[in-house]
Amino acid sequence: MTALDDWWAVEADQSLTDSEKQALFNDIRATAFLAVQLPFYVDALQITRIEVAGNRVDVSGVGDFSWPLRIYNGPVGVTDPDGNVTKADGSTWYSDPIEVIAQCIRSA
Amino acid sequence: MTTSVIYGSSMRGQNIQLGSVDPITTAATIYANLTSFLTTKVTRTRFTNATGSTTNPTATFSATPANGSALIAVILRTADNTTTTMTGWTQLSNAGSAGVRQAAVFWKRAGASEPTVVTATNATATAWNMTIIEYGGWATLADPVSISASATVASTTSISVPGTGMQAGVCAIVTGAGSWTTATLSTTTGSNASLTQFAATTLANCSEIVGYNNSEDALCTYTLGTARATNRLVVGWPHNTSSLVAGFGFGAGISTTNATSLGQIGFEFDTSTIPAANTVSAATLTIKAGATFAAYPSANAVEIFNISSTAIAKTASNTRTVWRTPTEITALTKVASRPAGSAYVINTQYAWPSEAAFISNINQGSTTRLLLATTEQRTGSLTGSAQNINVSDTAGDHFLTIVHDRLVTIPTVSATATASISRIPSFPRTIAAAATATAALSRIPGFARTIAAAVDASPTLSRIPSFARTIAASVAAVPAIVATYQPFLVQLPRILRLAGRSTVTLVTQSTLRLLGRSTLKLPKE
């Protein structure tokens with residue numbers, strides 16, 4: 001089970017309230033992001049620190065970027081045509097928080 | 001500076017062209033009258049209800065219907081289901097149970113001199129209930145459709161009346177196997193603006209529903225006092241259905257023929273984490289294409305507008321929040337636009353090029369709501385072919401990237417500065433006293449360095465003359481001691497000459513010793 005599988009299982013659970021789902025999403029997110037080995041690089045940037053608080057992931061690093069990067073309500077993976085996880089709707093994903101951070105950085 | 005990436009919290013797609021039963025007809029009608037749609041509501045002009053037990057049901061309008069009005073006739077029979085016909089009218093739905101009940105509905109576009117008397121034809125004479133209604137406004141431009149065809153419902157006290165995204169419509173139920181004593185119509189899902197009862201007997205009920213506007217899953221329910229088998233139907237003018245298609249996602253755009261993925265889409269982002277005092281220097285919206293299919297308009301840009309002032313209802317609502325007319329869209333601020341014919345691949349995210357106005361349209365400290373629409377939806381100038389886009393229906397697949405500063409307490413700092421200024425007259429005295437003390441202390445290290453340097457040279461030199469003078473004084477004061485002491489201490493041969501008139505006095509117990517080659521010469525006396 002990847003973090004995305006856990007995420008989608010919560011998403012599909014009709015017995016949970018929105019707030020209960022959000023709490024579980026936060027737990028899954030924290031587990032996934034805090035397991036990332038530091039430091040790592042996104043292009044020319046070095047990522048040196050990750051902190052998770054509720055629905056927020058704070059990312060700090062070294063390089064030309066408006067640090068810190070703060071991600072709100074972010075997923076634990078990104079959609080990717082060549083992804084390794086397939087969602088029920090048929091979309092394919094890459095289950096890796098590093099890719100989420102990379103995507104956010106590249107969107108700025 | 002900080003970069004905040006905020007994933008979508010909710011979204012909503014509304015397809016104003018999609019009908020429940022005959023979407024193509026509805027789409028084409030709305031397409032042809034797009035600019036007048038929504039600004040002209042469906043309005044009920046009058047209605048008449050009649051009952052009887054003859055072969056041919058009949059009812060009479062209180063006045064001649066206006067030319068172009070849409071006329072609806074609902075016929076409910078409680079003891080037969082033989083075919084009902086209405087000359088010059090179009091049947092929208094008709095069904096029942098043999099020998100027990102029948103629910104039928106017809107419609108007609110009123111002519112220039114429309115008769116007030118409406119008559120239906122049956123094969124047999126049994127009890128009937130007939131309601132005729134005249135609708136104007138948007139109804140003069142769009143034909144009504146069967147939203148839920150006449151269908152048999154098993155014996156129950158709860159009868160659902162679906163009315164997805166309906167502007168205005170008529171619902172009816174009928175039974176024939178004993179009365180239901182009471183029948184109450186109420187909203188179970190969604191929110192209806194009004195429920196008007198046209199006919200109410202213990203065997204037949206015909207009512208109007210207005211205002212299923214924003215509900216994709218609106219539902220009314222008849223609650224009966226006694227469980228009965230019934231036939232129920234719904235007709236009317238639908239709009240504002242969801243533009244969601246499974247796997248395809250939410251659709252937006254306009255088409256003359258394709259009615260499944262059209263409309264407009266609203267997005268909500270929780271930007272309360274961006275303090276109002278911050279300065280936003282960049283904002284970008286990233287949107288993801290549908291999971292299994294991707295459509296993008298070839299001749300229309302896909303534009304993003306700020307609708308922050310209007311909450312996007314997550315569930316049923318009578319307030320139209322997403323779908324906007326060309327005039328309404330033109331009045332909005334465009335914050336981003338992606339050119340016609342841009343690349344668009346399934347399951348892929350794309351950053352929408354931002355307009356300069358985007359940064360000032362981020363609703364800092366609150367929620368930012370954006371509307372996605374096509375150029376022709378803004379201008380009302382139609383391309384003539386399907387111009388639509390589909391996006392993922394998962395709100396969290398879309399995100400806002402905002403670069404902003406982090407001076408979250410700027411107002412507080414300003415207040416503090418003002419207070420300090422007011423104390424300046426008193427601070428100078430305090431500072432002056434402190435400055436003196438501080439200045440003295442600050443020079444200590446300087447002296448220390450000077451002394452350290454002087455220790456190696458100046459102080460030593462300055463004391464040398466002082467020692468020299470002390471020695472000189474001593475020599476000058478006690479010369480005899482020097483002359484006497486030194487020769488004997490060294491024990492070298494010395495000659496002590498006593499010149500003329502010199503006297504050597506040996507005091508009591510003194511001894512004069514002449515050792516070795518010593519000579520004592522005494523002058524001749």
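The values are calculated or read from the model by the stated rules, or taken from the named source; none is laboratory data. Remember, predicted model here, so these are calculated numbers, not experimental data. Cβ: placed from backbone, ideal geometry, glycine included. Neighbour counts: every protein chain shown.
Determine, yes or no, whether residue A:35 is over 27 Å from residue B:271 (Cα atoms) and surrounded by fewer than 19 Cβ atoms within 10 Å (Cβ to Cβ). Step through it out loud before you land on a result.
Numbers: over 27 Å from residue B:271 (Cα atoms): yes; surrounded by fewer than 19 Cβ atoms within 10 Å (Cβ to Cβ): yes.
Yes, satisfied.
Residues in the stretch B:365-380: is at least one more than 22 Å from residue B:31 (Cβ to Cβ), away from chain A (no Cβ under 14 Å) and among the basic types (Lys, Arg)?
For the stretch B:365-380, residues more than 22 Å from residue B:31 (Cβ to Cβ), away from chain A (no Cβ under 14 Å) and among the basic types (Lys, Arg): present.
Give me the pairs: first residue in the stretch B:124-152 and farther than 19 Å from residue B:62 by Cβ, second residue among the aliphatic types (A, V, I, L, M) and not in a strand (DSSP E or B), beta-carbon distance under 6 Å, and six or more apart or on different chains, which are they?
The qualifying pairs are B:126/B:79; B:127/B:79; B:145/B:21; B:146/B:21.
Would you mind stating whether residue B:321 is surrounded by 18 or more Cβ atoms within 10 Å (Cβ to Cβ), modelled with pLDDT under 95 and under 19 Å from the mean Cα position of the chain (by Cα)? Even if it seems obvious, please write down each step before you answer.
Numbers: surrounded by 18 or more Cβ atoms within 10 Å (Cβ to Cβ): yes; modelled with pLDDT under 95: yes; under 19 Å from the mean Cα position of the chain (by Cα): yes.
Yes.
State whether the residues of the stretch A:38-55 include one that is within 11 Å of chain B (Cβ to nearest Cβ) and over 25 Å from residue B:395 (Cβ atoms).
Here is the first cut: in the stretch A:38-55, the residues within 11 Å of chain B (Cβ to nearest Cβ) are A:54-55.
Of the ones still in play, those that are also over 25 Å from residue B:395 (Cβ atoms) are none.
Looking through the stretch A:38-55, none of the residues is within 11 Å of chain B (Cβ to nearest Cβ) and over 25 Å from residue B:395 (Cβ atoms).
Taking the options A:17, A:31, A:48, name whichever one is in contact with a strand residue (DSSP E or B) (Cβ under 7 Å, 6 or more places away or on another chain) and β-branched (Val, Ile, Thr). Write out each step before concluding.
Details: A:17 fails: in contact with a strand residue (DSSP E or B) (Cβ under 7 Å, 6 or more places away or on another chain); A:31 fails: in contact with a strand residue (DSSP E or B) (Cβ under 7 Å, 6 or more places away or on another chain).
After applying the criteria, what remains is A:48.
Only strands (runs of 3 or more DSSP E) wholly contained in the stretch A:22-104 count here; list those with 2 or more residues that are in contact with a helix residue (DSSP H, G or I) (Cβ under 8 Å, 6 or more places away or on another chain) and free of Cβ contacts under 8 Å to residues at least 60 places away in the same chain. Steps first, please.
Details: elements: A:40-42, A:45-53, A:56-62, A:69-72, A:92-94.
In the stretch A:22-104, A:45-53, A:56-62, A:69-72 are the strands (runs of 3 or more DSSP E) which contain 2 or more residues that are in contact with a helix residue (DSSP H, G or I) (Cβ under 8 Å, 6 or more places away or on another chain) and free of Cβ contacts under 8 Å to residues at least 60 places away in the same chain.
Taking the stated definitions as given, is residue A:11 in a helix (DSSP H, G or I), under 20 Å from residue B:398 (Cα atoms) and at the interface with chain B (Cβ under 9 Å from one of its Cβ atoms)? First the steps, then the outcome.
Details: in a helix (DSSP H, G or I): yes; under 20 Å from residue B:398 (Cα atoms): yes; at the interface with chain B (Cβ under 9 Å from one of its Cβ atoms): yes.
When the stated conditions are applied, residue A:11 passes them.
In the list B:281, B:342, B:385, which residue meets the criterion of being under 23 Å from residue B:17 (Cβ atoms), surrounded by fewer than 17 Cβ atoms within 10 Å (Cβ to Cβ) and hydroxyl-bearing (Ser, Thr, Tyr)?
Working: B:281 fails: under 23 Å from residue B:17 (Cβ atoms); B:342 fails: under 23 Å from residue B:17 (Cβ atoms).
On inspection, the qualifying residue turns out to be B:385.
Any idea which of (1) touching a helix residue (DSSP H, G or I) at 6+ places or on another chain (Cβ under 7 Å); (2) surrounded by fewer than 22 Cβ atoms within 10 Å (Cβ to Cβ) is the one residue B:142 doesn't satisfy?
With respect to (1) touching a helix residue (DSSP H, G or I) at 6+ places or on another chain (Cβ under 7 Å); (2) surrounded by fewer than 22 Cβ atoms within 10 Å (Cβ to Cβ), residue B:142 is out only on (2).
Quick one: would you say residue A:106 is within 14 Å of chain B (Cβ to nearest Cβ) and modelled with pLDDT of 95 or more?
Numbers: within 14 Å of chain B (Cβ to nearest Cβ): yes; modelled with pLDDT of 95 or more: no.
For residue A:106, the condition - within 14 Å of chain B (Cβ to nearest Cβ) and modelled with pLDDT of 95 or more - is not met.
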